[in-house]
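Every read-out reported here was derived from the displayed coordinates using simple, explicitly stated rules and does not represent laboratory data. If you're wondering where the values come from, they're calculated on a predicted model, not measured in any experiment. Cβ atoms come from the backbone with ideal geometry, glycine included; neighbour counts cover every protein chain shown.
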Amino acid sequence: MTLRDFMKNKAFFPLLAAVLFLGPAAPAGDPWSDGLAKIDALEGLIRAQYVRPVEADDLARAAVKGMLDTLDPHSYLLDPEALSRMSEEQRGAYFGLGIQIQKQLDRLVVISPVEGGPAWRLGVQAGDVISQIEGESTVNISANEAVSKLRGPKGSMVTITLARDGLEKPFDLTITREEIPLYSVPYAFLLDAETGYVFIRYFAETTTEELENKLEALAGQGMKKLILDLRGNAGGPLLQAIGVADQFLPRGAAIVSVRGRNSIFDRRFPAVRDNAYEKTPLIVLISQGSASASEIVAGAVMDHDRGLVIGEDSWGKSLVQQMFPLSSDTAMALTIARYYTPSGRSLQRDYSHLDDYFLDANKIPESDREVNYTAKGRKVLGQGGITPDLKVEFNLLLTTAELRVRGAFFAYARKFASHQTALGRKFVFPNEPAADKPGPGTIRIGNSFIADAAVLEDFRAYLASAGIKVEAKQFDEAAFEIRREIEREVVSLLWGVEEGWRAFEKNDPVIRKALEAMAEAARMIQ
């Protein structure tokens, strides 16, 4: 495909004409035709004179990327790999092996196989190290690069080499790729007898349906209050954000409005359903990583005084993108409008200096931000993300972050749960043969696990044996965080990943504040 062919692709010709020339598609002989002639000449010059051969597709993609880079931070080109990954996430499934992996320094570690998936059926275990993919070392590739190599067409096969503790030599497994579900709402459980917790990782085409199913299950377990966790959720499809907000707002209540330079994109989206959760006391958690669709949900809840928003200032993205195919395996995300919360505020931060924008360093002083008012007259601010009703900031200490990157918590939990540490040898874990008749000096685990002082000392000993140095003062300062990390990993190994997440979140300082503030959230709907 030549650059001219790429640019004339019928899937986006009228749109690109309108974008480039700030008006409707130009008739033949006008600037568009002249532009194509210049493109032909430029491509010919580069391909004839450049120091090495150049592929036309590469030139075409670079040309489109260059155009989009002049617009805004959220208009961008998706190459075949990026488009494939986005398509998988949005449809809620991919073709692969069914394993969660993590790069721990130079090791590619299996964190958890998906139960029932192809890797699980062949015996892949948490803690296995994938040393090679199709005979190529994984030492110098990133986790994302590994994911790309492990995924592929349904029914195709991939050979991985695994190293496992207790085995002298690595071994090969050839696994047939199958469809693996991706869940945008991976965790939902009760924090106490009445308080439900739901975590939405990102927004996809299945998010509203997943949320409805999770809420129904929690209601059946006695849920009367809800904490909706959108921390770190960078967004997704607009309609899914609307569907999520609709669960908690009465019919007719405005959720979001969209306005673009082209009036065909202008639209107001109200709640259209009467659901069982409109009177459920609600708290929404946000962080600096909460953006776009997450901010639509949080903004609608806040502007209608429907519940409390707790956490950190959100990212501040009020631009709406639409996907336009450029070829069979390439597309562009183009900003076509801005969205506004029910009170009429835009949350978009200034992006005139991109370095500051992506480093989150261009916060606008509150005195310079647009002021709007909620349904009950509370002051809310625009142009800088959502400022929560109750600010609670919690950032990992460097010590904890470094230990997590090195995989220390995961590795320790595996050794502890397999009786390979001094303390671990004293424990009897659920479903073990000796669980009903523990011997002298053993410690029996019931249905929970607490990382107490003895566990911390056992972890210190593990770090020393693994050659991981942590100063005593730094360890003591991070003790609370270290306990949480160990509890999550051990509980995940013993009772499953969701139970591990529940153990982790029960001691989350932000969730503790949310539980304390739930009475205030309940008063807002009276």
DSSP-defined antiparallel bridges as percent of all bridges, the chain, nearest 5: 75
Sequence-distant residues sharing a close amide H with residue 272 (under 5 Å, placed H): 252
Separation in nanometres of the label points that stand 7 Å from Cα toward Cβ, at residue 190 and residue 370: 4.3
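Using the structure shown, list the pairs from 103/169; 214/513; 154/506 with a Cα-Cα distance above 30 Å, or answer none. Could the numbers behind the result be given before it?
Working: 103/169 21 Å; 214/513 23 Å; 154/506 39 Å.
Violating the 30 Å Cα-Cα cut-off are 154/506.
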Net charge contributed by nearby residues that have their C-beta within less than 12 Å of residue 87 (K/R +1, D/E -1): -2
Two-decimal log10 I(q)/I(0) for region 93-181, as the Debye equation yields it once each C-alpha is a single scatterer, q = 0.15, 0.17, 0.20 Å⁻¹: -0.48, -0.62, -0.88
Acute angle (nearest 10 degrees) that the helix 207-220 long axis makes with the longest principal axis of the chain, alpha-carbon atoms: 30
Tilt relative to the chain, helix 453-465 - C-alpha long axis, 0 to 90 degrees, to 10: 70
Unit Cα scatterers, Debye sum, region 398-507: log10 I(q)/I(0) for q = 0.16, 0.21 Å⁻¹: -0.70, -1.16
Among 245-256, 263-274, the order from most to least packed when residues are scored by Cβ within 10 Å on average: 245-256, 263-274
Bridge type composition, region 199-358 - antiparallel percent by DSSP, nearest 5: 60
Built amide H within the under 5 Å cut-off of residue 101, gap 5+: 111
Whichever aspartates and glutamates have a C-alpha closer than 12 Å to that of residue 376, once near sequence neighbours (fewer than 8 apart) are set aside: 303, 305
P(r) histogram, all alpha-carbon pairs of the chain included - 20 Å bins from 0, percent: 18, 47, 30, 4, 0
Nearest 10 degrees, 0 to 90: helix 293-303 Cα axis against the chain principal axis: 90
